[in-house]
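Here's the structure, in structure tokens; my notes come after.
The values are calculated or read from the model by the stated rules, or taken from the named source; none is laboratory data. Here the structure is a predicted model, which means the values were calculated and not measured. Neighbour counts run over all protein chains shown; Cβ positions are idealised from the backbone, glycine included. SASA here: full protein model, heavy atoms, side chains in, ligands and nucleic acids out. Shrake-Rupley method; radii C 1.70, N 1.55, O 1.52, S 1.80 Å.
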Amino acid sequence: FYSGHQAEEAVEHLPGVSEHFIDQHEDAADVSLAGIEALGLLSLGSLLLIRKDRHIPRWLASLTLLLALATGASVIC
């Protein structure tokens with residue numbers, strides 16, 4: 001994500017490179033970053049809950065797993 005702007009500057013004027021595809025790629029990176037950040041916060045909350053109660057509710061574990069899978073899929077695509 002952080003090196004994307006330098007990479008864009010390096011390739012945007014090369015023949016065969018489409019600004020449209022660069023913009024789509026950048027939008028996908030924004031979505032993936034937001035998912036990763038949300039997953040990090042959810043995971044941190046789960047860890048804090050474990051320290052306190054030694055138990056994670058099933059719904060929270062399921063939500064964390066689903067968000068992890070969705071975020072992983074967004075990074076791969």
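A few remarks follow.
- Here A38 does not fit the description of being touching a Gly at 6+ places or on another chain (Cβ under 7 Å), touching a residue at least 12 places away in the same chain (Cβ under 8 Å) and assigned to a helix (DSSP H, G or I).
- Filtered residues of segment 45-71 (kept if within 15 Å of G35 (Cα to Cα) and not in a helix (DSSP H, G or I)): none
- Residue match in segment 21-34 (condition: more than 13 Å from the chain's Cα centre (by Cα) and open to solvent by less than 90 Å² (accessible area, probe 1.4 Å)): yes
- When K52 is tested against (1) of a type outside the set (S, T, N, Q); (2) open to solvent by 100 Å² or more (accessible area, probe 1.4 Å); (3) touching a residue at least 24 places away in the same chain (Cβ under 8 Å), just one condition goes unmet, and that condition is (3).
- For segment 6-28, the condition holds for at least one residue, the condition being that it is outside any helix (DSSP H, G or I) and charged (D, E, K, R).
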